[in-house]
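In what follows, a structure is listed as structure tokens, so that the remarks can point back to it.
Please treat every number below as a calculation from the coordinates, not as lab data. Because the structure is a prediction, the values reported are computed rather than measured. When we count neighbours, we look across all protein chains shown, and the Cβ atoms used for this are built from the backbone with ideal geometry, even at glycine.
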Amino acid sequence: MSETLQQLGLVPFFTQQLALLGVPESRLARVVSVQRSHSTVAGEAGRCTVELSLALQQSAAIDRPTVGDWVVLDATLSRIEQVLERKSLFKRMAAGREAQMQPIAANIDVLFLLSSCNEEFKESRLERYLALCLEAGAMPVIVLTKADLAEDAQGYVQRARRVRAGVPVEMVDARDPATLDGVRAWIDASTTAALVGSSGVGKSTLLNALAGSSVAATGGIREQDKKGRHTTTHRELHPLPGGGLLIDVPGMRELRVADVEQSLEEVFDDVEKLARHCQFQNCQHLAEPGCAVKQAIEENRLDARRLANYQKLCRENALATESLAQKHARERDFGKMVKAVKRLKSRE
Ligand SMILES: Nc1nc2c(ncn2[C@@H]2O[C@H](COP(=O)(O)OP(=O)(O)OP(=O)(O)O)[C@@H](O)[C@H]2O)c(=O)[nH]1
Ligand SMILES: [Mg+2]
Ligand SMILES: [Zn+2]
């Protein structure tokens, strides 16, 4: 299967960069998937497996190509030389000890935040995803799957609507293409969308239904707690037959936030609005007198869970942002030291 660059989602934002670099479109490609030692890209010449240039291999994780990236290949089309500036980037704090950001999907227009109409549904998880989505610069759409299994699917819709006013909520049976018009409406010919959500919510099932064929494996969930079995193991970009592209992302156990302060304020703008009426400008909404936020909770105008999650995400964000800053400072110091040593050596 060979797609045109337009079918792969090419828009002027990237052709302009290419023109500035003076590189022909034959060397432009889009990253379809990333494996440990190589990546699969799609371009005018079809799909091929490529390596990273040495410079990219040595660059920070966040600067290395990720699924959805537009990249410049070398003349032999076997190596990625450069990653074009991204229009949007969904990223998280990487799991593990080292403080660094991990790119999840690049150049996405729409992010479908999937949650099931069962025990898996948690407002707090959606709030976390929403903050990451706004930070990414993508349009969020909450998709409630397994509406067919729920006695009160509308109840879940209402809960989802309260997560953040204005964020669209779609309800589907991901196995049934007849229920997908609401989701389809968000994807046009040049749209790149991505599917995120816990394992087992039906991301790959939804992809297959939109693609009209079985392009990704799906798996059952554990009956007792409705948890998925991590069926999808890698991220992949799939062109849809009706136009547009969809990135399937495996369910991630940990989606830590960093650098999302502004997006958190945006997601929790109802809390922020209340906080303006607190007696103290720096009120932490703990036990201060004249706290408008606490009062709203007492009067059932605000959910105590929502405030607790906001505070939890703020703490997590502050810690992560701080450790990223410390790491950058260490790297800067190390860079300075290396330069100083080189200067001394050259004097000798
Ligand atoms: N009844 C019903 N079942 C669904 C729906 N969506 C998904 N399923 C089922 O839920 C199970 C998990 O679906 P997957 O598509 O594999 O889930 P996933 O989100 O891709 O999971 P990971 O790849 O593990 O992250 C499968 O058995 C699907 O058939 C739905 O809307 N209704
Ligand atoms: Mg899957
Ligand atoms: Zn307060």
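Tabulated data
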quantity: Global size of region 12-85 as Cα Rg and Dmax, reported in angstrom; calculated: 11.2, 31
quantity: Sorted peptide list for 265-271, 214-220, criterion being average Cβ within 10 angstrom, highest first; calculated: 265-271, 214-220
quantity: Student exercise, region 261-340 dipole from Lys, Arg, Asp, Glu Cβ charges, in Debye to nearest 20; calculated: 420 debye
quantity: The chain: antiparallel DSSP beta bridges as a percent of all, rounded to 5; calculated: 55 percent
quantity: Coarse-grained scattering of region 103-248 at q = 0.13, 0.14, 0.16, 0.21 Å⁻¹, given as base-10 log I(q)/I(0) from a Debye sum over alpha-carbon atoms; calculated: -0.51, -0.60, -0.81, -1.50
quantity: GNM result for the chain, Cα springs below 10 Å: residue of 225, 181, 333 fluctuating most strongly; calculated: 333
quantity: Debye log10 I(q)/I(0) at q = 0.06, 0.08, 0.11, 0.12 Å⁻¹ for the chain, Cα point scatterers; calculated: -0.26, -0.45, -0.81, -0.94
quantity: Estimated FRET transfer efficiency (residue 324, residue 304; beta-carbon r; R0 41 Å; 0.05); calculated: 0.85
quantity: Relative packing of 242-253, 336-347, 43-54, 112-123, which averages over residues the other C-beta atoms within 10 Å, highest first; calculated: 112-123, 242-253, 43-54, 336-347
quantity: Exceeding the 31 Å Cα-Cα cut-off - candidates 91/227; 87/312; 91/336; calculated: none
quantity: Globularity ratio of region 261-340, using Cα Rg and 2.2 N^0.38 Å; calculated: 1.55
quantity: Length gained when the stretch residue 153-residue 124 is fully extended (0.36 nm per residue, less Cα-Cα span); calculated: 8.6 nm
quantity: Cα-based radius of gyration of region 180-263 once divided by 2.2 N^0.38 Å, which approximates compact folds; calculated: 1.19
quantity: Approximate spin-label separation residue 51-residue 345, in nm, with each point projected 7 Å along Cα-to-Cβ; calculated: 2.5 nm
quantity: Separation in nanometres of the label points that stand 7 Å from Cα toward Cβ, at residue 230 and residue 26; calculated: 4.4 nm
quantity: Segments 185-197, 21-33, 74-86 sorted - mean Cβ within 10 Å per residue, highest first; calculated: 185-197, 21-33, 74-86
